[in-house]
1. DSSP beta bridges in the chain, what fraction antiparallel, as a percent rounded to 5?
2. Please name which of Y5, S122, A214 has its Cα lying farthest along the dipole of the chain towards the positive end, using unit charges on Cβ (Lys, Arg +1; Asp, Glu -1) and the Cα centre as origin.
3. Once amide H atoms are placed 1.01 Å from N in the peptide plane, what residues at a sequence separation of 5 or more from Y210, or on another chain, have their amide H within under 5 Å of its amide H?
4. What dipole magnitude, in Debye to the nearest 20, does segment 169-211 give about its Cα centre under +1 on Lys/Arg Cβ and -1 on Asp/Glu Cβ?
5. Of the accessible area of the chain, with the probe set at 1.4 angstrom, what percent is carbon plus sulfur?
6. Using the crude model of +1 on Lys and Arg Cβ and -1 on Asp and Glu Cβ, and no other charge, please compute the dipole size for the chain relative to its Cα centre, in debye to 20.
7. Calculated from DSSP H runs of 4 or more alone, at -39500 (n - 2.57) each and per residue, what is the 222 nm mean residue ellipticity of the chain, nearest 500?
8. Where does the Debye-calculated log10 I(q)/I(0) of the chain sit at q = 0.07, 0.16 Å⁻¹, using only Cα point scatterers of equal weight, no solvent?
Amino acid sequence: MCSHYVALKKREQMEKYFRSRGLPVPPSEWDMWPRRLGEFVRRPPEWDSGDEAVPEREVEVGRWGLISGLTRPEGLAKAEKLSTFNARSETAHKSFTFGNAWRKGQHCIIPAEAIYEPDWRSGKAVATRFTRADGAPMGIAGLWDRYKDAAGNWQLSYTMLTINADAHPLFKDYHQAGKEKRMVVILSDESYKDWLEASPEDTRDFLQPYPADALVATPEPK
C-alpha cells in the first residue's frame with residue numbers, strides 16, 4: 001500500500017503524458033499524505049452527452065482518501081477518519097466505501113513523480129522512493145467519488161487501487177516481514193484512455209503488476 005507520494009509538479013508533463021486540459025490551481029503541497037488535496041485525471045461525467053465542448057479528460061482536485069457518495073451526514077465524521085487512501089482491488093467492489101465508485105466505473109488516474117514504500121529488511125523502516133526508470137511520471141489507477149461535506153457542498157475524493165505483490169520481484173521486499181505485500185496499480189501509458197473509459201465489468205483487466213525492471217528504488221533514510 002502507498003501512504004506517501006509526490007504529485008506531478010511539472011505542468012507540461014500533465015499535458016504531455018495525461019493529455020489533460022483546463023488545469024486547476026495546483027495543490028499548495030506536492031508532498032502528498034492521506035487526507036491532503038491532490039490532483040487526479042478523470043473522464044468528465046458529461047463526456048458522453050454529445051457536447052463537443054466537453055474535453056476527453058480533465059484534472060480535478062480532491063481529497064486523497066475516498067469518501068463514498070452514499071455517506072449520510074451523520075456518518076461523515078466517521079468516514080473522514082478511515083484510512084481510505086488505498087483500496088484493495090480484491091474487495092473494493094463489495095465495500096461500502098469503494099463500492100459506489102466501482103459499480104459506476106468512476107475510474108481515475110493519479111499522476112505522480114514518485115511513490116514511497118518502507119524497506120524493513122534492516123529491521124527498521126527505511127523510506128524508499130520509487131520512480132519510473134525512463135523518467136516519465138507514473139499514472140496510478142484509482143477510483144473517484146463525490147460526497148457532501150458538513151455544509152452540504154459537494155466535494156471530490158479519490159483512492160489508489162492496490163494488488164497483491166507477494167511474488168513481485170521488487171515490491172516483495174518491502175513492508176514488514178510476515179505481512180502481505182501490496183503495491184499500487186501503475187498503468188502503462190498506452191492504457192490510460194482505455195482505463196478511463198472501461199466499464200465496471202472490465203476493471204480487473206487493468207489491475208496488473210508493473211514490471212520491476214521498469215522501476216527504480218532509491219533509499220531515502222532521511
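1. Details: 40 of 46 bridges.
Bridges in the chain are about 85 percent antiparallel.
2. S122
3. I186
4. 420
5. On the way: 5610 of 11180 Å².
Carbon with sulfur: 50 percent of the solvent-accessible area.
6. So the dipole magnitude of the chain works out to roughly 880 debye.
7. The helix contribution divided over the chain gives -3000 deg cm²/dmol.
8. Calculated log10 I(q)/I(0) at the listed q: -0.21, -1.13.
The values are calculated or read from the model by the stated rules, or taken from the named source; none is laboratory data. This one's a predicted model, so the numbers in the text were calculated from it and none came from an experiment. So basically every Cβ, Gly included, is an ideal-geometry build from the backbone, and we count neighbours across all protein chains shown. Please note that ligands, DNA and RNA were not included when accessible areas were found on the heavy atoms of the full protein model with its side chains. Shrake-Rupley method; radii C 1.70, N 1.55, O 1.52, S 1.80 Å.
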